[in-house]
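The values are calculated or read from the model by the stated rules, or taken from the named source; none is laboratory data. Because the structure is predicted, anything quoted here is derived from the model rather than measured. Every residue, glycine as well, gets a Cβ built from its backbone with ideal geometry; the counts of neighbours run over all protein chains shown. Accessible surface areas use protein heavy atoms only, side chains included; no ligands, DNA or RNA. Shrake-Rupley method; radii C 1.70, N 1.55, O 1.52, S 1.80 Å.
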Amino acid sequence: MNAAIITVILLIISNIFMTFAWYGHLKMKTMGIGTNWPLYVVILISWGMALLEYCFMVPANKIGFHENGGPFSLFQLKVIQEVISLTIFTVIAMFIFQGEKLQWNHIASFICLMAAVVFAFLPAK
């Protein structure tokens, strides 16, 4: 597999862990898990998930960065990561947090982010 595909796959996996680390605890109460846990316990659990996020994010950036032989500039990596992050978040929010609705303005903001990707990959000259 080439570096671009590996980078994107690792970023997707990383962002799945990130989304659950940042937002998963919000669903725990409705699932009957950890309803009385103190905040520091929830933070420690989130940190554990965030560690898994970093285990995929760091290699993705290392493999994908052009100075390490990858195909992407630093800014391109960041824009790709943000689009993947929002896409993963949207999928998880719609299927796990079923009370959340995707509105027209959310879709418009995603279109703007996709435009950002296009601009990030245009030649700078």
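3J(HN,Hα) couplings calculated from phi for segment 101-110 with the Karplus curve 6.51 cos²θ - 1.76 cosθ + 1.60 (θ = phi - 60°) are, in sequence order, 10, 7, 9, 4, 5, 5, 4, 4, 5, 5 Hz; Gly and Pro show x. Each Lys or Arg adds one and each Asp or Glu subtracts one; over the other residues with Cβ under 15 Å from the Cβ of ILE12, this totals -2.
When only DSSP loop residues count, what GluC sites (Glu not before Pro) in segment 49-125 have their Cβ near at most 16 other Cβ atoms within 10 Å?
On the way: sites: GLU53, GLU67, GLU82, GLU100; in loops: GLU100.
Qualifying residues, ordered by number: GLU100.
Quick check on the chain: helices-only [θ] at 222 nm, where DSSP H runs of length 4 and up contribute -39,500 (n - 2.57) each and the sum goes over total residues. Nearest 500, please.
Values: 5 runs with 91 residues, N = 125.
Result for the chain, helices only: -24500 deg cm²/dmol.
Ligands, DNA and RNA left out, the accessible area of segment 1-46 computed with a 1.4 Å probe is 73% carbon and sulfur. Listed by chain and number, the lysines whose C-alpha is less than 25 Å from the C-alpha of LYS27, apart from same-chain residues fewer than 8 away, are LYS101. A straight Cα-to-Cα reach below 18 Å connects LYS29 with the aspartates and glutamates GLU100, residues fewer than 8 places away in its own chain not being considered.
Please calculate how many Å² of accessible area the chain carries per residue, with a 1.4 Å probe and no DNA, RNA or ligand atoms counted. If you can, show how the numbers build up before the last one.
On the way: 8520 Å² over 125 residues.
On a per-residue basis, the chain sits at 68 Å².
Name the shape class, rounded, prolate or oblate, that the alpha-carbon gyration tensor gives for segment 36-101, where a ≥ b ≥ c are the square roots of its eigenvalues, rounded holds for a/c under 1.5, and otherwise prolate holds if a/b is larger than b/c and oblate otherwise. Verdict is oblate for segment 36-101.
Restricting the calculation to Cα atoms, every distinct pair contributes to the Kirkwood radius of the chain, found to be 16.1 Å.
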